[in-house]
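A short write-up of the structure that comes next.
The values are calculated or read from the model by the stated rules, or taken from the named source; none is laboratory data. Remember, it's a predicted structure, so these values are computed and weren't measured experimentally. Cβ atoms come from the backbone with ideal geometry, glycine included; neighbour counts cover every protein chain shown.
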Amino acid sequence: MDMKSRRSFALFFVLLWLAASSPLLAHHSSASFDIEHQTSLKGTVSSFEWTNPHVFIYLDVKNDDGSVEAWRVEGNSPNMLSRSGWKKALLNAGDVIAVSGSPAKNKTKVLRLVSITMANGQKYDGQGFK
């Protein structure tokens, strides 16, 4: 294989890698959340998923009229959250918590987590920073 063919071959694989990795970069973007208008919710944890690449808190939030809305709260990875004191057993179904975060731009019941406050007042950063 001559030098020109080797360069073309290498360029092809670099471009292929970039094309394949762009969806991964978009996935970790906060573009689908309204970071300019954070909101707070208080509710009961229905489920807590300590999974990669994101931790999920499923929260039942009672409205003023008594109806209940199911929200999905998306946090960072378990590795990042453990840096700020999170543990797999931090949340359990039935726990009442307050969450703050950025709502989804498409108006679905999804929130990008900024912080949680436990019933005892203890606050945990949802970004993974101390």
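Could you please find all residues in region 84-108 being surrounded by 15 or more Cβ atoms within 10 Å (Cβ to Cβ) and either under 14 Å from THR39 (Cβ atoms) or among the hydroxyl-bearing types (Ser, Thr, Tyr) (or both)?
SER84, ALA98, VAL99, SER100, GLY101, SER102, PRO103, ALA104
Taking into account only those residues within region 61-101 that are of a type in the set (Ser, Thr, Tyr) and under 12 Å from TYR124 (Cα atoms), which is modelled with the lowest pLDDT?
Per the criteria, the residue is SER84.
Can you find even one residue in region 62-70 that is buried (at least 17 other Cβ atoms within 10 Å of the Cβ) and either free of Cβ contacts under 8 Å to residues at least 60 places away in the same chain or not polar (S, T, N, Q) (or both)?
Taking every residue of region 62-70 in turn, none turns out to be buried (at least 17 other Cβ atoms within 10 Å of the Cβ) and either free of Cβ contacts under 8 Å to residues at least 60 places away in the same chain or not polar (S, T, N, Q) (or both).
The rows are residues; the columns are (1) in contact (Cβ under 8 Å) with a residue 60 or more places away in the chain; (2) touching a Phe, Trp or Tyr at 6+ places or on another chain (Cβ under 7 Å); (3) within 16 Å of GLY43 (Cα to Cα).
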residue	(1), (2), (3)
ASN76	no, no, no
ASN79	no, no, no
SER82	no, no, no
TRP86	no, yes, no
ASP95	no, no, yes
SER115	no, yes, yes
GLN127	no, no, no
